[in-house]
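*Asks:* Sharing a structure with you now.
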Amino acid sequence: MVRASSNVPGMNPIVLDGGLATHLETLGCDLSDDLWSARLLADDPGVIRRAHLDYFRAGADVATTASYQASIPGFVWRGLTPRQARDLIALSVRLAVQARDEAGHGLVAASVGPYGAYLANGAEYTGDYDLDEDGLADWHRDRFEILAEAGADLLACETIPSYAEARALARLLRGRPSVRAWVTFSCRDGEHVSDGTPFEKCAAVFADLPQVVAVGVNCTAPRFMPELVKRGASIVYPNSGETWDAANRRWLGLTDPVEFGRAAAGWASLGARYVGGCCRTTPEHIRRIREHL
């Protein structure tokens, strides 16, 4: 059961962590795999715990688990049994809890990544799926239940690209009214989620769910954050703003942690209550956010 916590957001913004996979690569991990950081749940769980602890020490209030790309069918495809897959998904929460307890503060958010993360074809940034709302609810259900029972403080339903997937997750949340969650969408601009649906329409799907503590945006360019906050996003953790050059397999552009921290303070001043980073952000970005807040 997702457990209650006294660390409920108040007047001060809650600082989230940054890119888990980004920091794991900095620590020497090879994530060139369809399972991405989830592979390390089997191969090197200790390094995941260390990465969470580094973010807490940098000033994060929340650790988001390494379950974004983890799924039962994904692990089974790699040769694990369904039972082993379930155990690894639950382990993602235990590792974050251990890091939180060593740090002596904070919350653990169990990452519920989108169906597109399992497809590993970039669909979490387009919403171009082969499943409808019913199929998406069925696909998410087993992992959702494992993470809801694993001991996290809340679920992080993140990088959701489509209206259909939002409705599927809302259906699961309605079935578990004691489970707290935040929901964040990948967005194509300052008005629409990735499949073209207006952000406000997607956010409204969760308006009648009191256990949803925040609805907002992640893994989206920082330049879109001010407009999306004005449209009601109360949680924002964008990527660094760099772009991926697929032909040459490299990132283009630079990100300055100081400027990122200053921008995050601006998002908070507009009304964002949770701020952090996603892909290509590091503990240094989170340290700068903490300084500016």
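*Asks:* So, of the residues in the range 107-125 that are surrounded by fewer than 18 Cβ atoms within 10 Å (Cβ to Cβ) and either touching an Asp or Glu at 6+ places or on another chain (Cβ under 7 Å) or farther than 21 Å from Pro238 by Cα (or both), which turns out to be modelled with the lowest pLDDT?
*Replies:* Filtering first and then ranking leaves Ala120.
*Asks:* Then there's this: Taking the range 1-58 as the search range and keeping residues that are of a type in the set (S, T, N, Q) and modelled with pLDDT of 90 or more, which one is surrounded by the fewest Cβ atoms within 10 Å (Cβ to Cβ)?
*Replies:* Thr26
*Asks:* A further question on this structure: Could you please find all residues in the range 91-106 being within 16 Å of Ile146 (Cα to Cα) and either surrounded by fewer than 18 Cβ atoms within 10 Å (Cβ to Cβ) or touching a Phe, Trp or Tyr at 6+ places or on another chain (Cβ under 7 Å) (or both)?
*Replies:* Of everything in the range 91-106, just one residue is within 16 Å of Ile146 (Cα to Cα) and either surrounded by fewer than 18 Cβ atoms within 10 Å (Cβ to Cβ) or touching a Phe, Trp or Tyr at 6+ places or on another chain (Cβ under 7 Å) (or both), namely Arg94.
*Asks:* Among the residues in the range 126-139, are any under 19 Å from Thr64 (Cβ atoms) and either assigned to a loop (DSSP other than H, G, I, E, B) or of a type outside the set (S, T, N, Q) (or both)?
*Replies:* Scanning the range 126-139 turns up no residue that is under 19 Å from Thr64 (Cβ atoms) and either assigned to a loop (DSSP other than H, G, I, E, B) or of a type outside the set (S, T, N, Q) (or both).
*Asks:* Can you tell me which residue among Ser92, Ser111 is on the phi < 0 side of the Ramachandran plot and either part of a strand (DSSP E or B) or β-branched (Val, Ile, Thr) (or both)?
*Replies:* Among Ser92, Ser111, only Ser111 is on the phi < 0 side of the Ramachandran plot and either part of a strand (DSSP E or B) or β-branched (Val, Ile, Thr) (or both).
*Asks:* Looking at the structure I just gave you, is Ala109 touching a residue at least 12 places away in the same chain (Cβ under 8 Å) and within 20 Å of Gly151 (Cβ to Cβ)?
*Replies:* In short, yes.
*Asks:* Same structure, new question: Tell me the residue from Leu155, Leu172 that is farther than 24 Å from Asn12 by Cβ and not in a loop (DSSP other than H, G, I, E, B), please.
*Replies:* Checking each option against the conditions leaves just Leu172.
*Asks:* Of everything in the range 69-83 that's touching a residue at least 24 places away in the same chain (Cβ under 8 Å) and assigned to a helix (DSSP H, G or I), which residue is nearest to Arg141 (Cα to Cα)?
*Replies:* Going through the qualifying residues, I end up with Ile72.
*Asks:* Another one. Does Ala166 count as of a type outside the set (Asp, Glu) and either crowded, with 22+ Cβ neighbours inside 10 Å or part of a loop (DSSP other than H, G, I, E, B) (or both)?
*Replies:* Spelling it out, Ala166 is indeed of a type outside the set (Asp, Glu) and either crowded, with 22+ Cβ neighbours inside 10 Å or part of a loop (DSSP other than H, G, I, E, B) (or both).
The values are calculated or read from the model by the stated rules, or taken from the named source; none is laboratory data. Keep in mind it's a predicted model, so treat the numbers as computed, not measured. Note that each Cβ is placed from the backbone with ideal geometry, even for glycine, and that neighbours are counted across all protein chains shown.
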